[in-house]
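Below is one structure; the comments refer to it alone.
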Amino acid sequence: MERISDIKINIAKKEFSSRLIIGTGKFENYELNKLALEASEAEIVTVAIRRVNLTDKSLPKLTDFISPKKYTFLPNTAGCFNANEAVRTLRLAKDLGGWNMVKLEVLSDEKTLYPNMIETINASEKLVEDGFKVLAYCNDDPVLCKILEETGCSAIMPLGSPIGSGLGILNPLNIKLIIEQSNLPVILDAGLGTASDASFAMELGCDAVLANSAIAEAKYPILMAESFKNAVIAGRQSFLAKRMKKKVYASSSSPLQNLISRS
């Protein structure tokens, strides 16, 4: 039987076995976050530097439950609305934990949480100049994604739909175009609601997916985390298997030779 061997994903010159990234926001507590992470078998976790306690010893700290020695922390700039805020936040992250691989997220407004692409591009240029490995959250616009690649980003992270909406992938055509033109890893970020959304993203050819709300806001987050793990694996395998061509008309699944005569 033919076997197609998969290879690890390479992001910013680091290899990872899992193609699922999960967040550390919205979970009821850090213990639940830890258990969901373990169930997901993800190796990268996003950390909102402006919103997660990393230093105050009087309060529970993320690092008491999820070790940056075991997992790769991906600091992000959630809550930033201009390039200067984002750059300042990630420089702080580098000072705190020496983190060099970062997720850039510059938002346009608090209602839609869509990326402000002008500020995102400006911030990416500054961060790349500073030596950061930038994974850029962005709109599902192939033209703007190409500009981000040209600024020197390490990965492109187009949204599937608005952050936390659970609407899934609203524009698969654009995601496909982004994948086809990109020389960087394409990581589907934002809007996933359930495991089938993650599988669909991988079937389109995404290199990885990021899920936060879909897992944290599920009734049973640990079970949902495991389902996402399986969906990402299945979607990747389906992509590598190269699906059958779609046809306008039916095609018999049984051979037509040696049919028994009807007469």
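The values are calculated or read from the model by the stated rules, or taken from the named source; none is laboratory data. This structure is a prediction, so every number in the text was calculated from the model and none was measured. Methodologically, a virtual Cβ is constructed for each residue, glycine included, from the backbone with ideal geometry; neighbour enumeration extends over all protein chains shown.
Worth pointing out:
- Check on GLU226, closer than 26 Å to VAL143 by Cα, out of contact with any strand residue (DSSP E or B) (no Cβ under 9 Å at 6 or more places or on another chain), among the charged types (D, E, K, R) and modelled with pLDDT of 95 or more: no
- Within the stretch 105-134, residues that are in a loop (DSSP other than H, G, I, E, B) sit with their Cβ atoms under 7 Å from residues that are surrounded by fewer than 21 Cβ atoms within 10 Å (Cβ to Cβ) and of a type in the set (A, V, I, L, M), at 6+ positions apart or across chains, in these pairs: LEU113/ILE163.
Conditions tested, residue by residue: (1) in contact (Cβ under 8 Å) with a residue 12 or more places away in the chain; (2) over 13 Å from the mean Cα position of the chain (by Cα).
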site	(1), (2)
LYS94	yes, yes
MET101	yes, yes
ASP141	yes, yes
LEU144	yes, yes
GLU150	no, yes
LEU159	yes, no
GLY166	yes, yes
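- Residue count for the stretch 5-29, restricted to those that are at pLDDT below 85 and farther than 20 Å from ALA198 by Cβ: 1
- Remark: PRO172 falls outside the filter, which requires a residue to be over 18 Å from LEU74 (Cβ atoms), surrounded by fewer than 19 Cβ atoms within 10 Å (Cβ to Cβ) and modelled with pLDDT under 95.
- Set LEU177, LEU184, LEU188, LEU192: member being modelled with pLDDT of 95 or more and more than 21 Å from ILE44 (Cα to Cα): LEU177
- Summed over the stretch 168-212, residues that are within 14 Å of the chain's Cα centre (by Cα) and either closer than 17 Å to PRO115 by Cβ or in a strand (DSSP E or B) (or both) total 15.
- Test: residue in the stretch 150-158 that is crowded, with 24+ Cβ neighbours inside 10 Å and assigned to a helix (DSSP H, G or I): no
- Just one residue in the set ASP197, ASP207 is within 28 Å of GLU129 (Cα to Cα) and either crowded, with 16+ Cβ neighbours inside 10 Å or modelled with pLDDT under 95 (or both); that residue is ASP207.
- Residues located in the stretch 90-144, provided they are modelled with pLDDT of 95 or more and of a type in the set (Val, Ile, Thr): VAL102, VAL106, ILE118, THR120, ILE121, VAL128, VAL134, VAL143
- Any hit, the stretch 145-152, residues being modelled with pLDDT of 95 or more, among the polar types (S, T, N, Q), touching a helix residue (DSSP H, G or I) at 6+ places or on another chain (Cβ under 8 Å) and closer than 18 Å to LEU210 by Cβ: no
The rows are residues; the columns are (1) under 23 Å from PHE27 (Cβ atoms); (2) touching a Leu at 6+ places or on another chain (Cβ under 6 Å).
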site: SER58; (1), (2): yes, no
site: PHE81; (1), (2): no, yes
site: GLY98; (1), (2): no, no
site: ASP109; (1), (2): no, no
site: GLY131; (1), (2): no, no
site: ASN139; (1), (2): no, no
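- If you go through the stretch 204-231 and keep only what is under 18 Å from LEU159 (Cβ atoms) and among the acidic types (Asp, Glu), you end up with ASP207, GLU217.
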